[in-house]
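Single-structure report; data block below.
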Amino acid sequence: MENYEQLMSDTIRFLAADMVQQANSGHPGMPMGLADIATVFSRYYRHNPKNPHWLNRDRLVFSGGHGTGLIYSLLYLWGYDLTLDDLKRFRQLGSKTPGHPEYGHTPGVEVTTGPLGQGVANAVGFAMAAKRAAAMLNTPEVALIDHKVYCFCGDGDLQEGIGYEACSLAGHLKLDNLILIYDSNNITIEGETNLAFSEMMQERFRAQRWDVVTIDGHDFDAIDAALSAAQKQERPFVIIAKTKIARGAATMEGSHHTHGAPLGQDEIKASKIKAGFPTEPFTIPDAVLARFRSAIEMGDLYEREWNKKVASSSSKQRMLLEKLKNPEYATISWPSFEVGKSIATRDSNGQILQAIAQALPGFLGGSADLAPSNKTELKGMGDFPAGRNIHFGIREHAMGAITNAMALYGLFLPFAATFFVFSDYLKPSLRVAALMGVRAFFIFTHDSIGVGEDGPTHQPIEHLTSLRALPKLMVWRPADAQENVVAWQTALTYDGPSAFVLSRQGLPVLDKSEAIGSAHQGGYLLSTSQHAVITLVATGSEVALAQEAAALLRTEGIGVNVASIPCYDLFVRQDRSYQESIILPTTKVLAIEAASGLEWYKIADDVVAMESFGASGKDKELFAHFGFTPKMIAKRAKELIG
């Protein structure tokens, strides 16, 4: 068996080396170092290459996304929808094999892992989703969800803070379905890890309540024993595999120079000769391919057996599974709000969350230890995993990536919440969410200088501009409770992530008559004047100010339109005719927002915005101090129209 295993692992490592060499770009060292583990792992991995979306499959996350030579080699060998030509077109424009794994682009890739550490948190998210699914769907008679979640990671993933946060939460939650395979080769780009990293990793994981085993990552028997032990764990399990980067390279084994550059034709040829492997590029021995491709037959068997299990389950289990797979949005009883009543959008949002959760069993989420302030607790719905309230702790970095994975799991509509100023901590996860187009919901309260006395450290200024710059992220800043409802109605069916930026302070529910129906297009006319010469454009708490400023201008005989733009991103994507029906080309345009507001210059002639950080004081005093009053806005409007 060991000779076959050696031939199988050599096939993986040399495929990876050949891919990088042909592309003259990539990272051969990590795939070559992990090839022995990947070979043994193939016997444990329960999946179906012909149906990558089978629900009870094991999830495999490659947190070290730069190691795509390993990922694509395995996917091809296992029998996913990749060809040898796809491997030969590694890192080329339009290929199925881009430089880092991309969800939805390459069959078999579970999640886009870009920045190091994201994948570790994604794996925790998948494991959490599986735990919640099991709590909902399993019975003593029939367990519909019993798969494992595996993650390959390296030193870089565990040096990043997001990896530490995620592993801490996994240990606390006792995620016994999570297996982390840590490629401990002691090499990073600059050289050996001891340049900047000297943690005692066994002790670190044990302190985080993980089960830990350390092995020689090139000893097939030791790898097998570790993976076998991991199947029977009671806590999250980490295999610290001591490996050599570029294992099998003739002269470069163990060198940090193999991390991010091709080995060179001569080195690859010499390495193959040393291993007794054919020197022709992209060689795959028939016996090796046959062994790997047994995954197709086994995967079909796994799924057929699972389908029988579903058929034998109770009608209640099957009905719930169907509801989780196909949420019935029409069953949501949306809350209504009285015109003129003052209510913070964080509060109206809390009511909306309750309504959604009552109707959709797959709706769940939590906050970074801020649920009482974010208003995100789902009342009477219990704590994770038995219930739907997730306590992420003060771990915004990990929270974002965990939420992304839960959204990808296939059964859930997850949300995550924190203060808006801390959205910076989630930015890498928000970016990857947008890149993947996952339906995840990010709730950010305390949206502006309206935070008040906590001062400039907690008052977001540049954050709206930053998030609006992300393609495919829909950023909603509702003016009131009614717009908040429309925001959620739109977001629930949008194929991508949405962010809700909500006020701490009370905002009046505005009288919009029928105009609110157009809010799902991102913006609408809130009030109009005959012969308008200026349009005031605003979002959030500034919409009411714009209405008051318009009233002042109208007393002076100036025609004013007021447009509320709760979702800038959506509005600027509408066709020109719709935009011009809201913002008349014959009017000057003054945008008003208590933020940096740079993006508004795309549609506005002038912007009343923040030009500095905020200050500590009462919210009303701060708005007056920084020029956000009806009188000051009216003055700027008159200056603009001359």
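The values are calculated or read from the model by the stated rules, or taken from the named source; none is laboratory data. What you see is a predicted model; the values in this text were computed from it and never measured. Neighbour counts are summed over all protein chains in view; Cβ atoms, including those assigned to glycine, are modelled from backbone coordinates with ideal geometry. Side chains are part of the model used for accessible areas, which takes the heavy atoms of the whole protein and leaves out ligands, DNA and RNA. Shrake-Rupley method; radii C 1.70, N 1.55, O 1.52, S 1.80 Å.
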Out of the range 494-540, which residues are polar (S, T, N, Q) and more than 17 Å from Phe337 (Cβ to Cβ)? Ser498, Ser518, Gln521, Ser527, Thr528, Ser529, Gln530, Thr535, Thr539
Looking across the range 518-543 at residues that are among the hydrophobic types (A, V, I, L, M, F, W, C), under 21 Å from Val608 (Cα atoms) and touching a helix residue (DSSP H, G or I) at 6+ places or on another chain (Cβ under 9 Å), the single one that is most open to solvent (accessible area, probe 1.4 Å) is Val533
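One line per residue, one yes/no per condition, for (1) charged (D, E, K, R); (2) surrounded by 19 or more Cβ atoms within 10 Å (Cβ to Cβ); (3) closer than 17 Å to Gln547 by Cα:
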position	(1), (2), (3)
Asp605	yes, no, no
Met610	no, yes, no
Gly617	no, no, no
Ala624	no, no, yes
Gly627	no, no, yes
Pro630	no, no, yes
Glu639	yes, no, no
Gly642	no, no, no
Tell me, please, whether a residue that is touching a helix residue (DSSP H, G or I) at 6+ places or on another chain (Cβ under 6 Å) and among the aliphatic types (A, V, I, L, M) can be found in the range 104-112. yes
Identify all residues within the range 484-517 that are at pLDDT below 95, in a helix (DSSP H, G or I) and crowded, with 18+ Cβ neighbours inside 10 Å; write none if there are none. Ile516
Residues of the range 179-227 being closer than 25 Å to Arg46 by Cβ, assigned to a strand (DSSP E or B) and in contact (Cβ under 8 Å) with a residue 60 or more places away in the chain, which ones? Ile179, Leu180, Ile181, Asp183
The one condition Arg91 fails out of (1) modelled with pLDDT of 95 or more; (2) under 28 Å from Lys131 (Cα atoms); (3) in a loop (DSSP other than H, G, I, E, B) is (2)
Which of the residues belonging to the range 419-429 are open to solvent by less than 10 Å² (accessible area, probe 1.4 Å) and either under 11 Å from the mean Cα position of the chain (by Cα) or at positive phi (or both)? Leu426, Ser429
Matching residues, the range 403-424, being under 17 Å from Ala371 (Cα atoms) and not polar (S, T, N, Q): Pro414, Phe415, Ala416, Ala417, Phe419, Phe420, Val421, Phe422
In the range 337-370, what count of residues is obtained for those that are open to solvent by 10 Å² or more (accessible area, probe 1.4 Å), touching a strand residue (DSSP E or B) at 6+ places or on another chain (Cβ under 7 Å) and within 18 Å of Gly400 (Cβ to Cβ)? 1
Quick test for you: out of Gly410, Gly393, Gly400, pick the one residue that is small (Gly, Ala, Ser), more than 17 Å from Pro361 (Cα to Cα) and open to solvent by 10 Å² or more (accessible area, probe 1.4 Å). Gly393
Subset tally (residues that are surrounded by fewer than 24 Cβ atoms within 10 Å (Cβ to Cβ), touching a residue at least 40 places away in the same chain (Cβ under 8 Å) and either among the charged types (D, E, K, R) or not in a helix (DSSP H, G or I) (or both)) for the range 458-473: 6
